[in-house]
Number of protein chains: 2
Amino acid sequence: MDTHLVTFQPQNRTVKVRDGESLLRAAMEAGVHINASCGGEGVCGKCRVIIEAGEVEGGLSERLKPEDREKGYRLACRASVIGDVTVRVPVESVVDASVLNIPPTPRKTARVKTFDLDELKEKGLFIPPMEKVYLTLPEPNAQDHLPDVTRLVSFLTLKNHEHRLGVEFPVIRKLPDILRREGFQVTATLARPVREDGQTVIINVQPGDTTSENYAVAVDIGTTTVYVQLIDLVSGNVLAEEADFNGQISYGEDVISRIMFAEKGDGLIRLHDVVTETINKLIRKNVKRAGIDPDGISSVTLAGNTTMTQLFLQVDPRYIRRSPYVPAASIYPPIKAKDLDLDLPDHVTALVYPQVSSYVGGDIVAGVMGSGLYRTEELTLFMDIGTNAEIVVGNRDWLACAACSAGPAFEGGGIEFGMRAAKGAIEDFSIDPVTFEPMNLTIGNVRPKGICGSGLINIVAALFEAGVVNPNGKYERNLPTDRVREREGIWEYVLVRQADTQIDRDIVLTEIDIENLIRAKGAIYSGCQTLLEEVGLSMQDLDRIYLAGGFGSYVDLARAMVIGLLPEMDADKITYIGNASLMGARMSALTNRIRRDVVEVTRKMTNFELSETPSYMDHYVASLFLPHTDLELFPRLKARLDLRRSAGR
Amino acid sequence: MDTHLVTFQPQNRTVKVRDGESLLRAAMEAGVHINASCGGEGVCGKCRVIIEAGEVEGGLSERLKPEDREKGYRLACRASVIGDVTVRVPVESVVDASVLNIPPTPRKTARVKTFDLDELKEKGLFIPPMEKVYLTLPEPNAQDHLPDVTRLVSFLTLKNHEHRLGVEFPVIRKLPDILRREGFQVTATLARPVREDGQTVIINVQPGDTTSENYAVAVDIGTTTVYVQLIDLVSGNVLAEEADFNGQISYGEDVISRIMFAEKGDGLIRLHDVVTETINKLIRKNVKRAGIDPDGISSVTLAGNTTMTQLFLQVDPRYIRRSPYVPAASIYPPIKAKDLDLDLPDHVTALVYPQVSSYVGGDIVAGVMGSGLYRTEELTLFMDIGTNAEIVVGNRDWLACAACSAGPAFEGGGIEFGMRAAKGAIEDFSIDPVTFEPMNLTIGNVRPKGICGSGLINIVAALFEAGVVNPNGKYERNLPTDRVREREGIWEYVLVRQADTQIDRDIVLTEIDIENLIRAKGAIYSGCQTLLEEVGLSMQDLDRIYLAGGFGSYVDLARAMVIGLLPEMDADKITYIGNASLMGARMSALTNRIRRDVVEVTRKMTNFELSETPSYMDHYVASLFLPHTDLELFPRLKARLDLRRSAGR
């Protein structure tokens, strides 16, 4: 895609943006503040800029006077970049010169790491647990009456150097007919054992040579969203991927409400049924999209948190939410997909990721396997911030994990105007350090409806850096702006005034909202600190961070460090790995080795119940500041704050 | 039960009989001939005897003149022995003095060997594959959040020295609830591995201590009859046993007709369904009779011939009856009983006896295991003469087996008046060597309807020894009796005249019937000879014979030797073991060791397709005589025949 250079004056900052990007977003990217209330819909008319060189498309609003249009004025939010351009931010909306000298906090999104199939192949790990072998068996005759199964097994033992071959009963049922359909030429599907001294089992036979049709299904059962991939086991490639809301959503938004529903009447069966329906629908879509014969599917691998796993498996989850929080099982045996009501051929075996504890589940274990954390030398912090936050620290030698009761702030929960990351959610924000006027960017460039999780982080970080919010998370009481105000005893900042919203109310951020965010980030940060301290290490020792889950993809790393959610470190050491759970499910479909390793890794993952770890409460209380009681933990932020302070504010 | 001595005069022979036995049967037992046509119903009035000392009950028929009754005449067939008694067979129905001197061929029924539980216990083999263990687990608490399954497995590993424990998925589903029902006190059912290095698997958990309720079901799936035993795995005893006709009977009498039915439409499913119905009905009856909770059943072991096994398992049997006669499988994996539609708890595992070939099936393998043949030092011949005849020779070092196409003669098939061993079937027979008048005994002491298998052997043996039938199986043409006659070109002996039958026709034995019997016994005898010869041995080397199957229980060993069905040997070396297949099924329910041994034994059982073994045809042709072309193989019979010949006939 084409990119263009946009230069902003008088800041004299240049950014590279994609063709068609709005000037407002380009300014945000450049760290240039432009007042903008309406999120980019063009109704507030505040984001006026002058095009000095080059051209833009659009931005000609009725809110601009004809003579201003003549002078090159455009609304930044409605003007699209179509070539290199120089833009002047008008004097009336720029801060004084001293403020111009403050370097903006650099915007940093995480480097994205996707599934590395080539690495898997290079390391010789691309050996799927399900292998297809084409065989031409000798036909029986008057001197050779070997039973069909014995014939197949003996031949495989001889030619393929198999030992201790087992045969599943349904194979025996179909073998006599299938052997004779193409003159004793058949393709056998072999399920490799987990342990090297285990038994290879023949799980399917097909007439003729079908070795090119060997597929796996990988499933991530999220509390909110279910992802299903169809994988070609010959090439290792993903043939199709589909996602949809987990059908259980109408029975409760979070795991606790799902468990409560499961405890009533046939609630457990109902929840099993609806999530199975979701998975089945997605499998059918994938099969149709890829145009494959579903009889070629050999395995299905599934990962989900402990509650999602137990609900899908129809294992009563009631003890997950009751002290002492005990899950039914850690490691599940291979289960026939049909016994789980999955619409897959009878021979398909379901491999379910193991759980560490009630709140560190198979999705996290899958993430540890899929991300490669379990075999890295680097001391790594793995964070999955979703409905709940789970953290893992360690490397190939040791692993410690914990679930943090972060609360739903990062999903927009517990925030007065919080919402999911959907159209109309404020996702990015900047504040004029002199006038304290906001610059709001929304998902979809429409008038704001609320604030999503990444928006919340950006807003609080900007308010804090601008000195509007102090390290205790309280608003400065004496600022020369009516945007910071007290209403019914609660202090708040007005992000969008009523007229510019979709909801006919002022959109505000209250001190209670900030407190909730601080509690959430504090729980996570102190959780990491506690885990590290338990093994004699500290945040400074971290070599890398893996951010997993939908949340991580949008979060601005620099701002997450400003509020103290992430420890301060070079942005290129932070990797966004996306849906790590699905990555792990795919990984275990492609490499048999992982099925043995995962047992060891799961055992190795020392789980800390933070509420029962004495040092946790101290760390937690110390983290209930912006960014932290101990500012020395955030030296770069400290330097910037010092610079600002010396610059006059 | 009381026994009494009955002495017959003028033969001066005494036998011991059970209280209530008829005088006619006592005479047969003593080798004393009394004319008797009507099978024991009392209608022919021929079996008149005089009570000389002691008393009998009954026998006072209208067919006796009042003055004869006064003299002590009774009908032997209606007179019951109630004390020691001396009986004179009247002059008019006794042969002349010279004949009296011929010693009767001694009647010999086989020693019966039943399941030897004590031996199993003494040898330390009473270790069932399914073991129940009662456990008091530590309860989880704030310092111990082990998942339920991990808790169970760890505890078993620690306290019970288990290694590599597996858990079946349904156990995981029920474990959380069951653990908490009686304060973490549970009974686990462990399925022991076949191989010592295999994995023990937890297949069930029950609340509290249920170790005293551990049961197994053993099933013999016969082509005609299905037997089901309910076994107490704690004591090893049989709690109940039930039998019924195989529901498949209405779809064909023999395996070939069943296979033909299975090949049409949904015939296979139908045959699976009806035999499963039969088994389920018998299981329910056993459970009811024993008054047990079926949830305590841990395993079901099944044995049947190859066709019965495949039909029950719903494995297409069409290639069993087509050259080169290939069964689907030899060894079947453990199968969940519910997957076979058995009405047993979900956790129950079905263990199916392996097959050697299309016509030496799991029933024979079970017989080899159940009888102990596989671990004896004695060179043993095992014969199961049922719908088909299967033979095994060998000992603990080697085993050879074959199926003999004996035809259904021993089941009454292919014999003009042949019938199954049911009420009205002539089961025993003697002939007056002077008058050639018969003495018929029927099952149920009713007028004859036909001839059963054991009756056929007894009749032909008696006719042969009396010189009525020659070694070629042909009737002597010039005997002074109208009972041997030619009708429509076929020679026959009239066993019962029309008036004394239930069927309003003369019951006869034709030369064609005798030929069929000779072919049948010849096929079996020559089969044994061939097997032995292939390993460099002969009939004379045999140390023991095991007779299995319903047929063996009624056959008179001496007469079976007379016709050349059995080799001549001491009767106490011949053991009747009854339903060896059921015995084997029970054995594998009681001793896990046998599950490993059976794989080895099955591999060791060298199967001979007799039709493809060159020497077989020579042996077969040589055996198509009474008793055999080579009379030296039957020295005792030869001596008796010589004695008779010298006695005048």
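Structural remarks
- In nm, spacing of pseudo-spin labels at B:Glu70 and B:Ser235 (7 Å Cα→C-beta vector): 6.0 nm
- Shape category assigned to the range A:420-473 from the gyration tensor of Cα positions, a/c cut at 1.5: oblate
- Per residue, the average separation of C-alpha pairs within less than 8 Å and at least 6 apart gives chain B a relative contact order of 15 percent.
- Global size of the range B:129-207 as Cα Rg and Dmax, reported in angstrom: 12.1, 40
- Solution diffusion estimate, µm²/s, Stokes-Einstein, the protein assembly as shown, Kirkwood Rh from C-alpha pairs, 4 °C, viscosity 1.567 mPa s: 35 µm²/s
- Expressed to the nearest 5 percent, the antiparallel share of DSSP beta bridges inside chain A is 70 percent.
- The range A:417-500: GluC sites (Glu not before Pro) in DSSP coil with no more than 16 other Cβ atoms inside 10 Å: A:Glu476, A:Glu488
- Heavy atoms of B:Ile451: accessible area, 1.4 Å probe, square angstrom to 10: 0 Å²
- Unpartnered cysteines - no second Cys beta carbon under 4.7 Å - across chain B: B:Cys47, B:Cys77, B:Cys401, B:Cys404, B:Cys452, B:Cys528
- Scaling the Cα radius of gyration of the range B:277-426 by the globular reference 2.2 N^0.38 Å produces a ratio of 1.21.
- Both the radius of gyration and Dmax for the range B:514-640 are 16.4, 49 Å, in that order, over alpha-carbon atoms.
- Helix axis angle, B:148-159 relative to chain B longest principal axis, alpha carbon, degrees: 70 degrees
- Area of B:Leu24 that stays accessible when all protein chains are in place (1.4 Å probe, Å², to 10): 0 Å²
- Loop-located GluC sites (Glu not before Pro) in the range A:234-339, at most 15 other Cβ atoms within 10 Å (DSSP): A:Glu263
- Relative contact order, percent, the range A:1-94 [alpha-carbon distance under 8 Å, six or more residues apart]: 37 percent
- The 1.4 Å probe gives accessible areas that order A:Ser37, A:Ser235, largest first, as A:Ser235, A:Ser37.
- Using Cβ point charges alone (K and R +1, D and E -1), the dipole size of the protein assembly as shown about the Cα centre works out to roughly 420 debye.
- At 1.567 mPa s and 4 °C, Stokes diffusion of the range B:458-554 via Kirkwood alpha-carbon radius, µm² per second: 81 µm²/s
- Interface residues of the range A:155-204, defined as a loss of at least 10 Å² in heavy-atom accessible area between the chain alone and the complex of all protein chains with a 1.4 Å probe, are A:Arg164, A:Val167, A:Phe169, A:Ile172, A:Arg173, A:Pro176, A:Asp177, A:Arg180, A:Arg195, A:Asp197.
- Chain A: angle of helix A:635-646 to the longest principal axis, Cα-based, in degrees nearest 10: 10 degrees
- Helical mean residue ellipticity (222 nm; -39500 (n - 2.57) per DSSP H run of 4+; nearest 500) of the protein assembly as shown: -8500 deg cm²/dmol
- Ranking B:Val186, B:Val43 by solvent-accessible area of protein heavy atoms (1.4 Å probe, all protein chains present), from largest to smallest, gives B:Val43, B:Val186.
- All lysines inside 20 Å of A:Lys285 as judged from Cα atoms, apart from same-chain residues fewer than 8 positions distant: A:Lys338
- Largest to smallest in accessible area, the residues B:Tyr525, A:Tyr620 fall in the order A:Tyr620, B:Tyr525 (1.4 Å probe, all protein chains included).
- The Cα atoms of the range B:588-642 give a gyration tensor whose axes a ≥ b ≥ c have a/c of 1.5 or more with a/b no greater than b/c, which makes the shape oblate.
- For the range A:370-406, chymotrypsin sites (Phe, Trp or Tyr not before Pro) meeting the loop criterion (DSSP other than H, G, I, E, B) and having at most 12 other Cβ atoms within 10 Å: A:Trp398.
- Here B:Lys638 is the anchor, and the lysines within straight C-alpha reach of less than 21 Å, apart from those fewer than 8 places off in the same chain, are B:Lys108, B:Lys474, B:Lys521, B:Lys573.
- Unit Cα scatterers, Debye sum, the range A:152-306: log10 I(q)/I(0) for q = 0.12, 0.17 Å⁻¹: -0.68, -1.02
- Of the Cα atoms belonging to the range B:1-94, the radius of gyration and Dmax stand at 11.7, 35 Å.
- Summed buried accessible area for B+A [probe radius 1.4 Å, Å², rounded to 100]: 3300 Å²
- Taking max minus min of the alpha-carbon positions on each principal axis, chain A gives extents of 102, 59, 48 Å, largest first.
- Taking a straight Cα-Cα cut-off under 30 Å and skipping sequence neighbours fewer than 8 places away in the same chain, the lysines within cross-link reach of B:Lys71 are B:Lys16, B:Lys46.
- Looking at the protein assembly as shown alone, DSSP beta bridges between its own residues are antiparallel in about 70 percent of cases.
- Heavy-atom accessible area for B:Ser257, with the other protein chains in place and a 1.4 Å probe, reaches approximately 40 Å².
- For chain B, the longest principal axis of the alpha carbon atoms and the long axis of helix B:267-290 meet at an angle near 90°.
- Per residue, chain B exposes an accessible area of 38 Å² to a 1.4 Å probe, with every protein chain left in place.
- Within the accessible area of chain A (1.4 Å probe), percent carbon and sulfur: 47 percent
The values are calculated or read from the model by the stated rules, or taken from the named source; none is laboratory data. None of the values given here were measured: they were computed from a predicted structure. Virtual Cβ from ideal backbone geometry, glycine too; neighbours counted across all protein chains shown. These area figures cover heavy atoms from the full protein model, side chains too; ligands, DNA and RNA do not enter into them. Shrake-Rupley method; radii C 1.70, N 1.55, O 1.52, S 1.80 Å.
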